[in-house]
Amino acid sequence: MAVVFTMAAMFALTTLVANTYRAQRRARAEAHFAKGNVLLRESENHKAVSEFREALAYSHDSFQYRLALALALIKVGDLGEAQAHLSELQESDPTSGIVNLKLAQLAARRGDFQQAVTYYHRAIYGQWTSQPEQNRIQARFDLIAFLVGRKAKKEAIGELLQMAGEVPDDPPLKDRIGNMLLEYGAPANAADIFQDVLSEHVDAGAYFGLGQANFAQADYTAAQHAFRRALHMQPDNQEIRQRLALTDQIVALDPTVARLSSAERYDRSRQLVSKALAALERCAGAEGEVLPDTFSSLMAEARKASPRRREGETPHLISLAEQLWQARAKLCASPPQKDEPLAFVLAKIAKQTP
Amino acid sequence: MTDAGTQLKRSYATWLDWLTISETQRFLILSIFIGIFAGLMVVCFHIAIEFISWYSLGSFTGRYNLVRLIAPAAGGLVAAFLVLRVFRAAQGSGVNQTKAALYIYDGHVPFSTVLGKFLACSTAIGSGNSLGPEDPALQMGAGVASLLGRIFHLPRENMRLIAPVGAAAGIAAAFNTPITGVLFVMEEVVAGWSAAVVGSIVLAAVSAVVVVRWFLGNEPLFRVPHLENVSPSDLIVYAAIGIAGGLLSALFIHLVERLHERVEHLPSWTKYARPVAAGLVVGIVGLWFPEVMGAGYGTIDNALHNRFLWDTLLALGLLKMMVTLFCFSAGTPGGMFAPTLFTGAMVGGGLGALALRYWPFPGGSTGAYVLVGMGTFFAGVFRAPMTSIFMVFEVSASYVIILPVMIANTVAYFISRSLHPVPFFTMLARQEGVDLPSAEERRTTAILRVEDAMRSPETVPSGGTTVADALAYLQKLGQEWFLVSREYKGWSYIRLPELEAAVQAGKQEQTLRNVFPLPLAPRIYPDLALDTALRLLGSCPILPVTNRAHPDQLVGSLTLEDVHKAYGIAPGPISPEPVGADSEIIPASGAREAYTGDGEFRES
């Protein structure tokens, strides 16, 4: 009996002592953690690391303290230790968005492509304690930037399309996605995004983006229409104005535009020939080249193009213009000007020609 | 006493009688109580160390904290006073003292040892001296067990076994690792696997760990980060870590031996000054490397998380070894477990981190090398290979690392053993004038078996053979005792003079089974220890040796004479040698004496 009573008494004493001990540990851990956060705000990152380390020493199983330490270690550049702590956090909570994001960033830094992509996906679909939507979106943008940096444009486009399907109704965000798709060479997908935005909202950015997407797909008429709508909503926007001006020139020059009369089509094709000839002559003059005979015969034929309308000759003139332009490309070392309407028209025609 | 009280007492006695539990069962139940008490003790011990550390050392942030310089020395002085003046039985690490209780003092560990160990070691370790809490916890557990054994008036045989039960509870609670606690006590304290005590040891260890986890949580001793699978080329690095661990551990044992010897020859008044001097050394080193102070588990945890570079890791390992050497040799009370884990972890981590830089093949993480290194120094110093392997496995909860741990620890064990054959605790015990057994010695001592002593099988007569024929055949063999095969399996035995007497009595034409009783002789097997066979020879002068797979097949026979030959004992009576002045005399154990660890025996 005495033994049992003694055991009970020892249990009571140990409980009291252990409770005091735990309370002290908790208080010390919290104090160090709070101090660490203050030091972080003051950009005293190394001291903050020490404080977070102390906090963790008092509370080994605290997710919050370990995460704070890991993030502070990343700030001071101690990536090895940060990796170790983050790996441990990931094991204890595999769905944590922030942990997976940081692991992804570390993997990206050391060039581990597969690991980085895996962790990014876990971050995107993981749990975020605050602002989950924004964090997921930002994580995805991080991933896209990483993929583009590693020349994985197809994968980046895939991620953008995935994101477009998942994000809430947010026109600026969708505009951003559309512009990124444009930038990475997916104008058709970009156009769909912008159309989707415009179906619900009137948005100058979306019109402009749509115009750009149509422009990239050589649909200059549709691009002109979109740019006009954008300019109407933002008349002071010089970029839109310039883009529209270029599109207008292209459309005015393009003999393949729909609903043109045959006379107009002939005039435009003759204009195409004369511009292509001028470009070739300029190039030959500039280079001081003696033209090969084939070029000379082409040019002679171009000069013979009659101002009188011979509407059956439109396709021939268009073909002649193309040949002159190709001759120019072979002859000239310098490329044509960036916003040369002639170049756009002839490129469009070349794509359409089987 | 009132009628109600008498009634209650009678009911209680009846209830106990009704339970009718055997002595073995009582011992097992007592083991659980021991585990609970030991667990409570260790919880309080752990908390005491932490509190002292908080208020004497504070945090380790920032260097050049002058408190760190004097705290270990002050703590060492207080601890020295406690063990030299007040609790003299609390000196030493605790392991040898527990073994002495088992082998010399019938399991007696005075309770004052428990109090002394608690106060002195918590002060010494909490103030920053480079020692560990596990060995003291082991002895405190043994002390608690011994006290309970005396309270419950255990018989002598059980009292002897109670100390290791408490020791296992103490060390399992201190490490929060039940398997390690059991294994270490079986390997080092009991020095062998004894079926009589293993169940109690396990129960006590488990109970103690349950109590510790109840109060302090389920957290493992270390938070081990995720470990990748080990590649074959990595095993070479782990083997190299084992080699380093083995070499360093042998050096460490050698240095402890030398320094201990020198220190023991210093004047007695220096007994107070030595822990102070050692504490000052720790304090000076601690100004630049506070990580070497105290047990060091926090630093090991940091090393597991890649906090340190390879040069820092190596420096910490070597410095820890040095300060531990000073603290332990100076007589500061405390244990060696934690410092050996620390040293091994740092050296292993340092070498591993170095390999990660220059090894051409892809390697593991620094954390993995730290973890594996932890066990190597331990295995080399304490020569407890199974304990070291399971300990790393238990604290890491990772099976991925088991193969490197086995390789590294085994390499360290064999290298240390070949360079310094005497194990650490045995060396200490001998320096203190006591010869205690160790599992290491038992491993290296060859065991004689029946096959080493038996003689080849001869053709044995059956029970149907006549006395005359049997005598004619057996006289040629020239031995006194013979086997006879019985009709219904097995063998019996007969003596030559009895055959001769039967012939003289005119029974030569009768069969052996008609003339002699032919009792059944117990069978033995070639792989049995000769010690086991010797016990059977007490009741049967010649034993048949049979094959385990074919028990009816006789493969030899064994007599006392054969056993004597195997042990190298010449035939004839043994004359005792007179006891000279140089003989070792171990004082007769009394329940009132205690081994203090300094070669003296004092009343408890």
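The values are calculated or read from the model by the stated rules, or taken from the named source; none is laboratory data. The structure presented is a predicted model; accordingly, all values stated were derived computationally and were not measured. Don't worry about glycine lacking a Cβ; one is built from the backbone with ideal geometry, like all the others, and counts go over all protein chains shown. Heavy atoms of the whole protein, side chains included, go into the accessibility calculation; ligands, DNA and RNA do not. Shrake-Rupley method; radii C 1.70, N 1.55, O 1.52, S 1.80 Å.
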Residue tally, condition away from chain B (no Cβ under 11 Å) and at negative phi, over the stretch A:63-88: 10
Given (1) in a helix (DSSP H, G or I); (2) within 24 Å of B:Glu219 (Cβ to Cβ); (3) among the charged types (D, E, K, R); (4) open to solvent by 50 Å² or more (accessible area, probe 1.4 Å), identify the lone condition not met by A:Lys75. (2)
Does the stretch B:474-481 contain any residue that is of a type in the set (Lys, Arg) and assigned to a strand (DSSP E or B)? no
Looking for whichever is within 30 Å of B:Glu219 (Cα to Cα), free of Cβ contacts under 8 Å to residues at least 40 places away in the same chain and among the aliphatic types (A, V, I, L, M) here; the options are A:Leu147, A:Leu143, A:Leu173, A:Leu103. Which one fits? A:Leu103
Scanning the stretch A:39-48 residue by residue, those open to solvent by 50 Å² or more (accessible area, probe 1.4 Å) and under 36 Å from the mean Cα position of the chain (by Cα) turn out to be A:Arg41, A:Glu42, A:Ser43, A:Glu44, A:His46
Checked the stretch A:94-118 for anything among the basic types (Lys, Arg) and assigned to a helix (DSSP H, G or I); matches are A:Lys102, A:Arg109
Of the numbered conditions (1) closer than 20 Å to B:Arg383 by Cα; (2) in contact with a helix residue (DSSP H, G or I) (Cβ under 6 Å, 6 or more places away or on another chain), B:Met186 fails exactly one; give the number of that condition. (2)
When you check A:Thr15 against the structure, is it more than 60 Å from the chain's Cα centre (by Cα) and either surrounded by 15 or more Cβ atoms within 10 Å (Cβ to Cβ) or part of a helix (DSSP H, G or I) (or both), yes or no? no
Grab the helices (runs of 4 or more DSSP H) fully contained in the stretch B:53-138, keeping just those with 2 or more residues being over 22 Å from B:Val282 (Cβ atoms), of a type in the set (Asp, Glu) and touching a residue at least 24 places away in the same chain (Cβ under 8 Å). none
Considering residues of the stretch A:120-136 that are open to solvent by 30 Å² or more (accessible area, probe 1.4 Å) and in a helix (DSSP H, G or I) only, the residue nearest to A:Glu91 (Cα to Cα): A:Arg122
Tell me which of these B:Gly199 doesn't satisfy, since it passes every other one: (1) within 30 Å of B:Gly75 (Cβ to Cβ); (2) surrounded by fewer than 24 Cβ atoms within 10 Å (Cβ to Cβ); (3) not β-branched (Val, Ile, Thr). (1)
Count of the stretch A:89-102 residues which are facing chain B (nearest Cβ under 9 Å) and farther than 19 Å from A:Leu143 by Cα: 1
Is it the case that the stretch A:242-255 has a residue that's touching a Ser or Thr at 6+ places or on another chain (Cβ under 8 Å), of a type outside the set (Ser, Thr, Tyr) and at negative phi? yes
Screening A:Ala18, A:Ala57, A:Ala9 for residues that are of a type in the set (Gly, Ala, Ser), touching a Phe, Trp or Tyr at 6+ places or on another chain (Cβ under 7 Å), over 22 Å from A:Ser130 (Cβ atoms) and within 11 Å of another protein chain (Cβ to nearest Cβ) leaves only A:Ala18
From the list A:Leu161, A:Leu147, which one is assigned to a helix (DSSP H, G or I), in contact with a helix residue (DSSP H, G or I) (Cβ under 7 Å, 6 or more places away or on another chain) and buried (at least 20 other Cβ atoms within 10 Å of the Cβ)? A:Leu147
Total residues in the stretch A:84-93, condition in contact with a strand residue (DSSP E or B) (Cβ under 9 Å, 6 or more places away or on another chain), open to solvent by 20 Å² or more (accessible area, probe 1.4 Å) and within 14 Å of A:Ala104 (Cα to Cα): 1
Assess whether B:Ile47 counts as being at pLDDT 95 or above and either within 13 Å of chain A (Cβ to nearest Cβ) or surrounded by 24 or more Cβ atoms within 10 Å (Cβ to Cβ) (or both). yes
Can you tell me how many residues in the stretch B:232-286 are open to solvent by less than 60 Å² (accessible area, probe 1.4 Å) and of a type outside the set (A, V, I, L, M)? 16
The stretch A:185-195, residues that are over 18 Å from A:Lys351 (Cβ atoms) and either touching a Ser or Thr at 6+ places or on another chain (Cβ under 6 Å) or open to solvent by 30 Å² or more (accessible area, probe 1.4 Å) (or both): A:Asn189, A:Asp192, A:Gln195
For the stretch B:305-327, indicate whether the set of residues that are farther than 19 Å from B:Leu69 by Cα, more than 32 Å from the chain's Cα centre (by Cα) and away from chain A (no Cβ under 14 Å) is non-empty. yes
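This table checks each residue for (1) in contact with a Ser or Thr (Cβ under 7 Å, 6 or more places away or on another chain); (2) modelled with pLDDT under 95; (3) open to solvent by 30 Å² or more (accessible area, probe 1.4 Å).
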position: A:Phe11; (1), (2), (3): no, yes, yes
position: A:Arg25; (1), (2), (3): yes, yes, yes
position: A:Ala34; (1), (2), (3): no, no, yes
position: A:Ser50; (1), (2), (3): yes, yes, yes
position: A:Leu56; (1), (2), (3): yes, yes, no
position: A:Tyr65; (1), (2), (3): yes, no, no
position: A:Ala82; (1), (2), (3): no, yes, no
position: A:Ile98; (1), (2), (3): no, no, yes
position: A:Lys102; (1), (2), (3): no, no, yes
Could you grab me the full set of residues in the stretch B:511-530 that are open to solvent by 60 Å² or more (accessible area, probe 1.4 Å) and without any contact (Cβ under 8 Å) to a residue 40 or more places away in the chain? B:Asn514, B:Pro517, B:Leu520, B:Arg523
Report yes if B:Gly62 is open to solvent by 40 Å² or more (accessible area, probe 1.4 Å), within 11 Å of chain A (Cβ to nearest Cβ) and modelled with pLDDT under 90, otherwise no. yes
If we scan the stretch A:31-45, do we find a residue that is more than 30 Å from B:Gly39 (Cβ to Cβ), more than 10 Å from chain B (Cβ to nearest Cβ) and in contact with a Lys or Arg (Cβ under 6 Å, 6 or more places away or on another chain)? yes
Screening A:Leu89, A:Leu56 for residues that are farther than 26 Å from B:Leu57 by Cα and aliphatic (A, V, I, L, M) leaves only A:Leu89
